[in-house]
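Structure below; questions to follow.
Bear in mind that the values in this text are calculations on the coordinates, not laboratory data. Because the structure is predicted, anything quoted here is derived from the model rather than measured. Ideal geometry is used to build each Cβ from the backbone, glycine not excepted, and the neighbour counts take in all protein chains shown.
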Amino acid sequence: MRRLISAVALASAAGLATTGCSSDTPGTADGGTGTGDGRETAAEVSAEVLAWSEEFCGHVAAGGDGLTVPEEGTEDGPQQAQEDIVLFLDDLAGRLAALEEGITETGPPPVPEGQALFDAALSGLGEARTALASAASSLEEAGVNDDPEALATAVSRAEEDMAAVDGYEGPVREFRADEQLNTAFDALENCRDL
């Protein structure tokens with residue numbers, strides 16, 4: 001099951017597996033302290049950008065709640081491992097679909113290149129979701145029974161289905177490319193560790 005690394009990496013890239021808070025990042029939404037490297041401070045980011053960022057990060061954080069990666073080396077055998085991996089991939093695909101829906105409802109960020117960033121984020125999420133669904137389907141259809149080698153082969157094929165999105169870094173990374181959004185993400189508690 002070590003080959004699940006692509007799916008776990010995909011979850012992390014989408015911000016779903018690594019949500020949380022940090023208290024050592026400079027800046028706060030109510031004024032900021034600056035970054036020390038010439039970037040804008042939170043005080044220089046508009047209220048609209050902060051509000052959009054807060055809503056976007058809320059969607060990402062909600063998508064990560066309760067995400068559980070299957071345990072490696074389960075004693076229940078290859079058949080159960082196969083079922084666990086398929087459930088994980090299906091769950092992750094569903095979470096990406098919900099994130100897509102949330103981002104769509106939120107709309108493009110109010111920054112100069114907002115529409116282009118928005119379109120790229122939705123496109124990337126759609127491609128990742130499709131790859132996960134294909135991998136889950138491929139794995140589910142494999143005749144694993146209780147054969148560990150058959151499971152390894154099936155997981156390897158599922159990995160191939162996800163190869164197209166191996167370099168995917170997720171919507172948080174795409175939106176952080178904008179200086180105002182990056183500053184807002186650093187300033188907002190629910191965005192910092194995404």
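Give me the number: length gained by fully extending Gln80 to Arg173, i.e. 0.36 nm times residue separation minus the C-alpha to C-alpha distance, one decimal in nm.
Numbers: separation 93, 0.36 × 93 = 33.48 nm, distance 3.46 nm.
Stretched out fully, the Gln80 to Arg173 stretch lengthens by 30.0 nm.
For Leu67 paired with Glu48, estimate the spin-label separation in nm (one decimal), with each label point 7 Å from Cα along the Cα-to-Cβ line.
3.0
Just add up the charged neighbours of Gly102: K/R +1, D/E -1, any other residue whose Cβ is under 14 Å from the Cβ of Gly102.
Working: positive: Arg95, Arg129; negative: Glu54, Glu55, Asp65, Glu100, Glu101, Glu105.
Neighbourhood net charge equals -4.
Sticking with this one: For the stretch 73-194, what does the relative contact order come out to in percent, with C-alpha contacts under 8 Å and a separation of six or more? Intermediate values should be presented prior to the final figure.
Details: 117 pairs, mean separation 36.7, N = 122.
For the stretch 73-194, the relative contact order is 30 percent.
Turning to a different aspect of this structure: Just to check I understand the Karplus step: with θ = phi - 60° and J = 6.51 cos²θ - 1.76 cosθ + 1.60, what whole-Hz values come out for the stretch 176-188, glycine and proline as x?
Whole-Hz 3J(HN,Hα) from phi for the stretch 176-188: 5, 5, 8, 4, 5, 5, 4, 5, 5, 4, 5, 7, 8.
Quick one: what are the phi-derived ³J(HN,Hα) couplings along the stretch 119-129, Karplus 6.51/-1.76/1.60 with θ = phi - 60°, whole Hz, x for glycine and proline?
Karplus values, whole Hz, x for Gly and Pro: 4, 5, 5, 5, 4, x, 5, x, 5, 5, 4.
Rounded, prolate or oblate for the stretch 119-180? Axes are the square roots of the Cα gyration tensor eigenvalues, ordered a ≥ b ≥ c, and the cut-off for rounded is a/c under 1.5.
Working: a/c = 4.63, a/b = 3.13, b/c = 1.48.
Taking the square roots of the gyration eigenvalues as a ≥ b ≥ c, the stretch 119-180 is prolate.
I would also like to ask the following. Go through the stretch 50-65 residue by residue and turn each phi into a ³J(HN,Hα) via Karplus (6.51, -1.76, 1.60, θ = phi - 60°); whole Hz please, and just put x for glycine and proline.
Those phi angles translate into 4, 5, 4, 4, 4, 5, 4, 5, x, 5, 5, 4, 4, x, x, 4 Hz.
For every other residue with a beta carbon closer than 12 angstrom to the beta carbon of Glu174, add +1 if it is Lys or Arg and -1 if Asp or Glu, then tell me the sum.
Details: positive: Arg173, Arg176; negative: Glu113, Asp119, Glu169, Asp178.
Net charge in that neighbourhood comes out at -2.
Evaluate the charge dipole of the stretch 81-194 about its Cα centre and quote only its size in Debye, nearest 20, assuming +1 on the Cβ of each Lys and Arg and -1 on the Cβ of each Asp and Glu. Could the numbers behind the result be given before it?
Working: 6 positive and 26 negative charges, 76 e Å.
For this selection, approximately 360 debye.
Quick check: pseudo-label points 7 Å beyond the Cα along Cα→Cβ at Thr130 and Glu113, how many nm apart are they?
2.4
Cβ under 10 Å from Cys191's Cβ, Cys191 left aside: what net charge do those residues give with Lys, Arg +1 and Asp, Glu -1?
Details: positive: Arg176, Arg192; negative: Glu54, Asp186, Glu189, Asp193.
Here the charged neighbours net out to -2.
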